[in-house]
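A.B. asks: The structure that follows is given in the form of structure tokens.
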Amino acid sequence: MTSLTITPGRASDYEYADDTVVCELAYNLMIAVSSAKILGQLNYGEYSSELLTIGKALAGEIALLLYTGHYVDGLANELSEAINYAWIDTYNDLEFLELLHRAIELKQLIDKNAVSSKHALDLLNLMTRVFGINLSHSGSTLLSKIYRNPEPRLVLQMFCTALVVALGGLSEDGGKVVQN
């Protein structure tokens, strides 16, 4: 049985921005992803790809601002295998925006020491639905452990990682999403 290894990460170069900045980034990400989907459906793949590149940058910025200071070894790799990358085909603006806002809310509650595992579980369930995360994937031992014990900081870290992975990572060329 694999153990869940959590190592503290270096302190983020960013302090948590005020809610307005993070919410604006979330809204801009939703617009970029939505527009990319529409342009892709209209066979404007070049423009769609450009918007997804912008979306990757926005997702990376959101992940940095919501970063919990924890790193879970192997999480990105498991997520890259468990996420259904066709989630963009069933993408729903309001559901995606709700996911982003719930993550922001979880970060606020963590910062105020007012969070419960219910908040974390709500985010996990919505994230699983939006990104089509398959927990029955044979290699998803870390994901299953997080679901069995939804510690809020780990769930928020899982969200940050899933957000970046679901949009294809941070590489511009669309190469391998994660490297161990």
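No value in this document is a laboratory result; all are computed from the given coordinates. It should be emphasised that the depicted structure is a prediction, and the values quoted were computed from it without experimental measurement. Here the Cβ positions follow ideal geometry from the backbone for every residue, glycine too, while neighbour counts run over all protein chains shown.
A.B. asks: Please compute the modelled spin-label separation between ASN28 and TYR91, points set 7 Å along Cα→Cβ, answer in nm with one decimal.
C.D. replies: 1.7 nm
A.B. asks: A follow-up question, please. How much length would be gained if the chain were fully extended between GLU98 and ASP19, taking 0.36 nm per residue of separation minus their Cα-Cα distance, in nm to one decimal?
C.D. replies: 27.0 nm
A.B. asks: Taking θ = phi - 60°, what integer Hz values does the Karplus form 6.51 cos²θ - 1.76 cosθ + 1.60 yield along the range 77-87, in sequence order, with x for Gly and Pro?
C.D. replies: For the range 77-87, the Karplus-derived couplings read 5, 5, 5, 5, 8, 9, 6, 8, 5, 7, 4 Hz, x marking Gly and Pro.
A.B. asks: What FRET efficiency would be calculated for the residue pair LYS112, ARG148, taking the C-beta separation as r and a Förster radius of 35 Å, to the nearest 0.05?
C.D. replies: Values: r = 25 Å, r/R0 = 0.73.
The calculated FRET efficiency here is 0.85.
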